[in-house]
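Reviewing the structure listed below.
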Amino acid sequence: MKTLSLAELQKLVSIDAAAISAITDAYVAAADGRANVPPVGYLGLPAQNADCHIKYGYITGDPIFVVKIASGFYDNPKRGLPSSNGMVIAISAVTGAIVAILNDEGWLTNLRTGIGGAVATFALCRPDSEIFAVLGTGTQARFQIRAAAAMAKRPVQFLVWGRSVDRAREVVAEFAGSGIEVSLAPDLEEACRSADVIIATTPSTTPFVASEWITPGTHVTAVGADAPGKQELDPALIARADLLVCDLASQCLDHGEFAVAFREGLFRAEDCIELGAILNGSRPGRTSSEAITIADLTGLATQDIAIARTALERVPDLTM
């Protein structure tokens, strides 16, 4: 059995071509029947403004299956601590033996979520999209910027909005000199109206992106609402959208960004298309430059498998 630290994992895997390919296939596996993904284990800790997810699953043909524990303690930044933590256990799909414990402290989850958001964004946004508004100032906002910049393969502009202007300025300052153009968006409505792409990354429990702010042709990737009670988008925007895309319908209609609008009868289950079906070409994606498209990403166990496998494939002399 191999034990890998956060520092070791950061040297093994990054926002690179192999990781992007693996995460793309993770979406496809969830849509084409190769994935065995049981319901997410969820522990809410409202008194601590925190939660914990347990995701686990298997992709047919893989040498391993994975169990992932990931926590979010959203007041931690006030304590000078990261909001996310966790670990991944990789288990042999042949013998059941523990292959590796990945003490990633939540980093692999953040990495695969960032890459997954970028994969969804570029599968659905207009090809000429130039202005990306990132809503939120936490760890995931940073990962989404880095992943989207890597996948854009051309210069794009990022606007960062946060409830705390000071924290938004910190994000902007972090990217100074990086070659990624990131600037402050002091006004939320103005940022949403001007953006070609909106990436929402907060753990908000109250929708704050109004439908009337979103102009035709905009794409929205929503990654924050990954648990019951979380919500970033006005349900009227979801009802108004021309294309609703999710990572896994059973999750998103139960506790994702789409859940409230679905329960209110604002759209039908069959109106929600899984991203993997678009990525493998079995379902159409954006069909018009004027379409409003939304991707609701609750996070898949297949992504955890994919990013763990990618890291472990790079460990010398490790047998999976």
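Note down the relative contact order for the chain as a percent, whole number, built from C-alpha pairs under 8 angstrom at least six residues apart. The partial results should precede the final answer.
Values: 728 pairs, mean separation 67.0, N = 320.
Rounded, it is 21 percent for the chain.
Quick check for you: which residues of region 162-192 have the amide N under 16 Å from the point 7 Å beyond the Cα of residue 10 toward its beta carbon?
174-175
Name the aspartates and glutamates eligible as straight-distance cross-link partners of residue 55: C-alpha to C-alpha under 18 Å, and not fewer than 8 places from it in the same chain.
25, 104, 105, 226, 247, 254, 296, 304
Taking 2.2 N^0.38 Å as the expected size of a compact globular protein, what ratio does the Cα radius of gyration of region 115-300 give against it, to two decimals? It would help to have the intermediate numbers written out before the result.
Working: Rg = 15.1 Å, N = 186, 2.2 N^0.38 = 16.0 Å.
In units of the 2.2 N^0.38 Å rule of thumb, it is 0.94.
In vacuum, with every alpha carbon of region 78-219 counted as one equal point scatterer, what does the Debye formula give for log10 I(q)/I(0) at q = 0.15, 0.18, 0.22 Å⁻¹? Two decimals, please.
Values, matching the q order: -0.78, -1.04, -1.43.
For region 187-270, what's the radius of gyration and Dmax over Cα atoms, in angstrom?
Using the Cα atoms of region 187-270, the pair Rg, Dmax is 12.0, 36 Å.
Give me the Debye-computed log₁₀ of I(q)/I(0) at q = 0.10, 0.16, 0.19, 0.21 Å⁻¹ for region 1-149, equal point scatterers on Cα only, no solvent, two decimals.
Those come out to -0.40, -1.03, -1.39, -1.54, one per q.
Along the charge dipole of region 1-134, pointing to its positive end and built from +1/-1 on Cβ of Lys, Arg, Asp and Glu, which listed residue (42, 17, 123) has its Cα farthest out?
42
Determine the dipole magnitude for region 167-228: charges of +1 sit on the beta-carbon of Lys and Arg, -1 on that of Asp and Glu, nothing else is charged, the reference point is the Cα centre, and the result goes in debye to the nearest 20. Could the numbers behind the result be given before it?
Details: 3 positive and 9 negative charges, 18 e Å.
Roughly 80 debye for region 167-228.
Test of understanding: what is the full-extension gain from residue 95 to residue 282, defined as 0.36 nm times their sequence separation minus their Cα-Cα distance? Present the calculation step by step, with values, prior to reporting the outcome.
Details: separation 187, 0.36 × 187 = 67.32 nm, distance 3.48 nm.
Full-extension gain reported as 63.8 nm.
Give, rounded to the nearest 20 debye, the magnitude of the charge dipole that the chain has about its Cα centre when Lys and Arg contribute +1 at Cβ and Asp and Glu contribute -1 at Cβ. Intermediate values should be presented prior to the final figure.
Numbers: 25 positive and 36 negative charges, 120 e Å.
Computed about the Cα centre, the dipole is about 580 debye.
Using unit Cβ charges (K, R positive; D, E negative) and no other charged atoms, how large, in debye to the nearest 20, is the dipole of region 1-124 about its Cα centre?
On the way: 8 positive and 9 negative charges, 33 e Å.
So the magnitude is around 160 debye.
Please arrange 56, 74, 27 by how many other C-beta atoms lie within 10 Å of their C-beta, fewest to most.
74, 56, 27
How about the chain: what cysteines have no other cysteine beta carbon under 4.7 Å from their own?
52, 125, 192, 272
Roughly how many nanometres apart are two label points built 7 Å out from the Cα toward the Cβ at residue 319 and residue 242?
Spacing of the two 7 Å Cα→Cβ label points: 5.5 nm.
Within a 10 angstrom radius of the beta carbon, how do 320, 1 rank from fewest other beta carbons to most?
Numbers: 320 16, 1 10.
Listed from fewest to most nearby Cβ atoms, that is 1, 320.
Taking the 0 to 90 degree range and rounding to the nearest ten, how far is the long axis of helix 107-124 tilted relative to the main principal axis of the chain, both from C-alpha atoms?
50
Can you pull the percent of Cα pairs in the chain with separation above 39 Å? Kindly include the intermediate steps, with their values, before the conclusion.
On the way: 3593 of 51040 pairs.
Result: 7 percent of Cα pairs exceed 39 Å.
No value in this document is a laboratory result; all are computed from the given coordinates. Note that the structure is predicted; figures quoted are calculated from it, not measured. When we count neighbours, we look across all protein chains shown, and the Cβ atoms used for this are built from the backbone with ideal geometry, even at glycine.
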